[in-house]
Amino acid sequence: MKTHLIPVHFAGGSAVTENLRVFFMALFVSLFCVSGLAQSKIDSFERALPAATGNKRAELLYQLSWEYRFSDKEKALRYGEEGLQLGKSLKDTAAIASSLNSLSETYLNFGDYDLAEKITREELPYARALLPLSKNLLGALTRLGTIHYRRGKLDSALVYQLEVQREAEKIKKPEIIGVATLNLGLTYMDLKRFDEALQYYNAALQAFQTIHFSAGIGACYVNIAETLRSQKKYEAALEAALKGETVLRQSGNKLHLGYLYGIMADVYTALKNTPKRLEYAQKALSLAEENKDELSVSQNQAKLGRIFLEKGDLDKAKTYFDASLQLAEKTQHKSMLLENYTLLRDWHLLRGEFEQANLFDEKYRSGMDSVFNVQMAEKVADSRTKYETEKKEAEIARQKLELLNQRLWIFGLFGGLTALVVLGLFFYYRARQHQKAELAAAVIREQRLGLNAVIEAQESERKRIAKDLHDGIAQELVALKLGFDALGRRIGKVAPEETARFVELNAQLDTSCTEVRNIAHVMMPPTLEQHGLAPSLELLLRNTAQPAGLQVRFDSRDLPDQLDEKTQIGLYRILQELLNNVVKHARATKVLIEVYLAGNQLIMRVEDDGQGFDFETARQKGTMGVLNILSRVSTLGGEFYSERAMPQGTVSVVRVPVDGRR
């Protein structure tokens, strides 16, 4: 069990580790925030508070909340909440950031990680807004790293710690850089990446030595010694520990000295030097008791009990085990409880007291099961999130690939439509020359049938292509995305320098997937089948006009409950063409769409405030978009007209018969 790391802010692993991380959290935050106040000073702030107003009152509320964050949760939250509300009413960014800072610290100190993380994320934009005059951002990022560390999410904790180091390097203060670097070393230590941990510990040591910061120097030696011990480099670990002992004894830092003695006891255990092992374990216990550090006391009592158990002194071993278990139960520290259960189980086995041994074994198994269940629940939640993310990314990748094929189909469809229109016009004029009066109606009817056939063929092809996008290439893209991600993870382990390139390629793949999805939706919008005409038209309006910077408004009323598919698709395609004209030619700032029922007529009205558009001139020129609109209106048996709006703009109206009357 790991017991001697000296962390900065982040807590996890053993009980001693957690105490040290909290200690250095306070050290880290003290580099940016108000220093601790004497109780008399706090009392003077509380006396001054009733008469204070405005920004002065907001500052007093923050300072009081900050000072109570460890000792009195109720007061810390009450002052923090009042300061937050006052800061928002004053629109004071610094007051808001400071209040959120003290609130999140309070929740973190009292173990509510969810609220601590939620409030810290709310604090981030305010902290960034205060740069470079404020150090709030460093505290917020460090806190997020702490929360992820305590939840066992070391990889995400490392991301935040790296960002803290980048921000610390901008400040260029050795004490801040040293603490941030020491944090990184601790996380690499927990990830079992010992060489990298030593690299960061030594960098932090150099930073602290330049300013003669004894607390930081001692912490570095303690962690260097623990890392070397973990690498089984016991002589080197002992050398670092002795250097640390000198620094800590000179500075009077009994807290860290106690942790260091615990490490030295473990080193002497590995070196099979029992007298020295016992000596330093007793020293560690004595300092822990002097420091009133209950968790460290419990750990060192268990360590001494194990020493006497190995020496065969069962009575002394039992005394230490019982005392350690009593403190572990008082602090409710899970790992210490489990360790004491195993030690007492072994003690009773040596005494032949199998019933008592079985009792402690059952307690140990029950405790391990509860820890396992919590860890599994977290892993399942993380895995589900990753699965959903990868699924969406794969869908986007599939759609981008399909986009390449879709463009070819679009060009072919438009080419075929043009040829059909030209052929229809040719026969129309030829028949008109022979039997102008008699065959006029037949020619018109033939044209309508031809247009119907073309449009139906086009829509049928659109459906087929959209289905192929979904059922065919989608699955291939899913496989491609999964394979790409798996390859990226392997490359990231083997060649970390290539990670950035894989991220860039992944982003390109995501962009292509988005384009494929957009084309699939244009070919056959899924909202028509799922939600009906009005929601589909509104979504089309917003997706087309809003990216162009236009203000949009959509009104629908009294629409029939059921509309045939041909009418819905026809109106949808007509609105597509009208909106394209507005975006490309009108130079408008606003667009209004109205869809409503008047008698047996379904009316769609499109109005913009642009420079106007002459549809009649465009029709005479044979503009494809206008011809498409008129053709679809004709196949629906409806009417279309367009006119200039007052004082400027264009109004276009489509009338289509419903209820089967055309």
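Strands (runs of 3 or more DSSP E) wholly in region 562-662 with at least 1 residues that are in contact with a Gly (Cβ under 6 Å, 6 or more places away or on another chain) - which ones? I'd like the intermediate steps shown before the answer.
Numbers: elements: 590-598, 601-608, 639-644, 650-657.
Answer list for region 562-662: 601-608, 639-644, 650-657.
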- Message: Given the condition closer than 17 Å to Gly145 by Cβ and either among the basic types (Lys, Arg) or surrounded by fewer than 18 Cβ atoms within 10 Å (Cβ to Cβ) (or both), answer yes or no: does some residue in region 205-225 qualify?
- Response: no
- Item | Residue list for region 387-410, restricted to those being at pLDDT below 70 and open to solvent by 70 Å² or more (accessible area, probe 1.4 Å) | Tyr387, Lys391, Lys392
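Going by the structure shown, is Glu362 surrounded by 20 or more Cβ atoms within 10 Å (Cβ to Cβ) and modelled with pLDDT of 75 or more? Write out each step before concluding.
Numbers: surrounded by 20 or more Cβ atoms within 10 Å (Cβ to Cβ): no; modelled with pLDDT of 75 or more: yes.
For Glu362, the condition - surrounded by 20 or more Cβ atoms within 10 Å (Cβ to Cβ) and modelled with pLDDT of 75 or more - is not met.
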- Message: Show me the helices (runs of 4 or more DSSP H) found entirely inside region 115-225 where at least 1 residues are of a type in the set (D, E, K, R), closer than 26 Å to Ile96 by Cα and without any contact (Cβ under 8 Å) to a residue 24 or more places away in the chain.
- Response: 154-171
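For region 582-604, state whether one or more residues are in contact with a Ser or Thr (Cβ under 6 Å, 6 or more places away or on another chain) and crowded, with 19+ Cβ neighbours inside 10 Å.
For region 582-604, residues in contact with a Ser or Thr (Cβ under 6 Å, 6 or more places away or on another chain) and crowded, with 19+ Cβ neighbours inside 10 Å: present.
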- Message: Can you list residue pairs whose Cβ atoms sit under 8 Å apart, with the first residue in region 298-322 being under 18 Å from Pro275 (Cα atoms) and without any contact (Cβ under 8 Å) to a residue 60 or more places away in the chain and the second being among the aromatic types (Phe, Trp, Tyr) and open to solvent by 40 Å² or more (accessible area, probe 1.4 Å)? Count only pairs 6 or more apart in sequence or on different chains.
- Response: Gln301/Tyr320; Ala302/Tyr320; Leu304/Tyr320; Gly305/Tyr320; Phe308/Tyr320
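For region 12-103, give me every one of the helices (runs of 4 or more DSSP H) that falls completely inside it and has 2 or more residues that are within 28 Å of Lys292 (Cβ to Cβ) and modelled with pLDDT under 90. Before the answer, list the steps.
Details: elements: 15-30, 39-48, 54-67, 73-90.
The helices (runs of 4 or more DSSP H) meeting that bar are 15-30, 39-48, 54-67.
Can you tell me which residues in region 525-564 are of a type in the set (Asp, Glu) and either closer than 17 Å to Leu597 by Cα or surrounded by 14 or more Cβ atoms within 10 Å (Cβ to Cβ) (or both)?
First pass over region 525-564, keeping only residues of a type in the set (Asp, Glu): 529, 538, 555, 558, 561, 564.
If the condition is that a residue be of a type in the set (Asp, Glu) and either closer than 17 Å to Leu597 by Cα or surrounded by 14 or more Cβ atoms within 10 Å (Cβ to Cβ) (or both), then Glu538, Asp555, Asp558, Asp561, Asp564 are the ones that fit.
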- Message: Looking at Tyr113 and the list (1) open to solvent by less than 30 Å² (accessible area, probe 1.4 Å); (2) in contact with a Lys or Arg (Cβ under 8 Å, 6 or more places away or on another chain); (3) closer than 26 Å to Arg166 by Cβ, which single condition is not satisfied?
- Response: (1)
- List every residue pair whose Cβ atoms sit under 7 Å apart, with the two residues 6 or more apart in sequence or on different chains, where the first one lies in region 340-362 and is closer than 19 Å to Gln301 by Cα and of a type in the set (S, T, N, Q) and the second, anywhere, is in a helix (DSSP H, G or I) and open to solvent by 30 Å² or more (accessible area, probe 1.4 Å). Thr342/Tyr364
- Note on the structure: Taking region 253-282 and keeping only residues that are charged (D, E, K, R) and either open to solvent by less than 30 Å² (accessible area, probe 1.4 Å) or in contact (Cβ under 8 Å) with a residue 24 or more places away in the chain (or both), one is left with Lys254, Asp266, Arg277
- Note on the structure: Considering residues that are closer than 21 Å to Ala157 by Cα and in contact with a Phe, Trp or Tyr (Cβ under 6 Å, 6 or more places away or on another chain), the number found within region 176-223 is 9
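Could you list all residues from region 555-575 that are in contact with a helix residue (DSSP H, G or I) (Cβ under 7 Å, 6 or more places away or on another chain) and in contact (Cβ under 8 Å) with a residue 40 or more places away in the chain?
Quick first cut of region 555-575, residues in contact with a helix residue (DSSP H, G or I) (Cβ under 7 Å, 6 or more places away or on another chain) only: 556, 559, 563, 568-575.
Within region 555-575, Ser556, Leu559, Leu563, Gln568, Ile569, Gly570, Leu571, Tyr572, Arg573, Ile574 qualify.
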- Message: Taking the criterion of being under 24 Å from Ala548 (Cα atoms), open to solvent by less than 80 Å² (accessible area, probe 1.4 Å) and in contact with an Asp or Glu (Cβ under 8 Å, 6 or more places away or on another chain), would at least one residue in region 612-622 satisfy it?
- Response: no
- Query: Quick one: what pairs do we get from region 591-602, first residue under 22 Å from Gln648 (Cα atoms), second of a type in the set (Gly, Ala, Ser) and in a strand (DSSP E or B), C-beta under 8 Å, 6+ apart or different chains?
  - Reply: Glu594/Ser556; Val595/Ser556
- Just a yes or no: is a residue in region 587-608 at pLDDT below 85 and among the basic types (Lys, Arg)? no
- Residues being among the basic types (Lys, Arg) and closer than 19 Å to Asp361 by Cα: count how many of those fall in region 304-349. 4
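The values are calculated or read from the model by the stated rules, or taken from the named source; none is laboratory data. Owing to the predicted nature of the structure, the values given are computational and were not obtained by experimental measurement. Glycine gets a Cβ as well: all are built from the backbone with ideal geometry, and neighbour counts include every protein chain shown. Calculation scope for accessible area: heavy atoms of the full protein, side chains included, ligands and nucleic acids excluded. Shrake-Rupley method; radii C 1.70, N 1.55, O 1.52, S 1.80 Å.
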